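A.B. asks: Provided herewith is a single structure, encoded as structure tokens, for subsequent inquiry.
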Amino acid sequence: MGFIMKRNLHTLMAVALILAASGMIIFWELYLDDNLNTVSVVVAAKNLEKNKVIKDDDIKLSKIKLEQAVDRPVRDLREVVGKETSQFVAKGNQFVDEMVDSYGLEPNRDQLIYSIPREWIYSSPGSLRRKDRVYIYAIPDERRKAEVKPDITQVAAGRFVYKGIGSEINGPILKDLVVAYAKDSSNQEVKPAANSDKRIDATGSINNLELVMTQKQYSVLECKYLEGFKFNFAYK
């Protein structure tokens, strides 16, 4: 009798262990694996053009495997809704901070929004828009060359000293500056015509640029202009 009870007890223990193991497997697959090895990330619900204001239906949360997640993905919809894309984002792509214009037009404590006088501008792309990042090249203004003195030290705040006008400048003198506004002659912002997202047309010609920059950066432009240069603006 005792032998039979002992054998039955062993059988019950074996069955209990099997059931417990099966339960752990099911618990792992249905709960733990789904929560420990996955992450919810913000992805584009549709193709989003650059400078697109992100709306609720433009994005969604998607749960993916950890190994499929990009570095530092955005995980909260509130971090991107209402902001603008800083680049084209394809449908299904995960969002990272660099894709969202978190910088915006708000200068930091070392920056201001400076208006670039029209007479300083040699040329700028007609497709340039607000929040683009520009590269500035100095172009000799031959019409003013005879009027420029050999040394310019007029910008005391920047403590810059330049020696006369050169024949050419290789590479940008300033780069990666944010365009706060690109305006036409009537002080209206230049935008794509008919509210399209493309740059093939515009509501007007750019007459005035406003850039987010430091006083030191503005002094660089002012000094170079006083030396006899104008500026060519490019972006990518």
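Derivation of every value follows stated rules applied to the coordinates shown; laboratory data play no part. Only a predicted model underlies this, so the values are computations on that prediction, with no experimental measurement involved. Counting neighbours? That spans all protein chains shown, and the Cβs are built from the backbone with ideal geometry, glycine included.
A.B. asks: Can you list the residues, at least 5 places off or on another chain, whose amide H is less than 5 Å from the amide H of Tyr235, using H built in the peptide plane?
C.D. replies: Hits under the 5 Å cutoff: Tyr135.
A.B. asks: Please list the non-local residues whose amide H lies under 5 Å from the amide H of Ile59, H modeled 1.01 Å from N, same-chain partners needing a gap of 5 or more.
C.D. replies: Ala45
A.B. asks: Read phi for every residue in segment 121-136 and hand back ³J(HN,Hα) as whole Hz from Karplus 6.51 cos²θ - 1.76 cosθ + 1.60, θ = phi - 60°, with x for Gly and Pro.
C.D. replies: 3J(HN,Hα) across segment 121-136, in whole Hz: 8, 7, 6, 8, x, x, 8, 5, 9, 4, 6, 5, 10, 9, 10, 10.
A.B. asks: For the pair Asn37 and Ile200, what calculated FRET efficiency results from E = 1/(1 + (r/R0)^6), where r is the Cβ-Cβ distance and R0 = 45 Å, to the nearest 0.05?
C.D. replies: The value I calculate is 0.45.
A.B. asks: With label points built 7 Å along Cα→Cβ from the Cα atoms of Val81 and Ala193, find their separation and express it in nm.
C.D. replies: Rounded to a tenth, the inter-label distance reads 3.6 nm.
A.B. asks: Sticking with this one: I need the peptides 219-230, 173-184 ranked by packing, meaning the mean over residues of other C-beta atoms within 10 angstrom, with the highest value on top.
C.D. replies: Highest-to-lowest ranking by the protection proxy: 219-230, 173-184.
A.B. asks: Anything over 32 Å Cα to Cα? Flag those among Lys131/Lys230; Lys91/Lys230; Lys63/Lys83; Lys60/Lys236, in the order listed.
C.D. replies: Lys91/Lys230, as the Cα separations exceed 32 Å there.
A.B. asks: Counting only Cα, what are the radius of gyration and maximum Cα-Cα distance Dmax of segment 35-97, in Å?
C.D. replies: Reported Rg and Dmax, both Å: 11.2, 35.
A.B. asks: Now for a separate question. What net charge do the residues around Ser115 carry, taking every other residue with its C-beta under 10 Å from that of Ser115, with Lys and Arg at +1 and Asp and Glu at -1?
C.D. replies: +1
A.B. asks: Could you list which residues have their amide H under 5 Å from that of Thr38, counting only those 5 or more apart in sequence or on another chain, with H placed in the peptide plane?
C.D. replies: Distant-sequence amide H within range of Thr38: Leu66.
A.B. asks: Can you report the principal axis dimensions of segment 170-236 using only the alpha carbons, biggest first, rounded to whole angstrom?
C.D. replies: Principal extents (largest minus smallest coordinate, Cα): 40, 25, 20 Å.
A.B. asks: Hey, another quick one. So, counting K/R as plus one and D/E as minus one, what does the shell of residues with Cβ under 15 Å around Lys236 add up to? Numbers along the way, then the final one.
C.D. replies: Working: positive: Lys50, Arg129, Lys131, Arg133, Lys175, Arg199; negative: Glu98, Asp132, Asp176.
Charge balance near Lys236 sits at +3.
A.B. asks: Hey, another quick one. In whole Hz, what ³J(HN,Hα) sequence does segment 68-84 give by Karplus (6.51, -1.76, 1.60; θ = phi - 60°), x for Gly and Pro?
C.D. replies: 8, 7, 6, 5, 6, x, 6, 10, 10, 4, 5, 6, 10, 4, x, 9, 10
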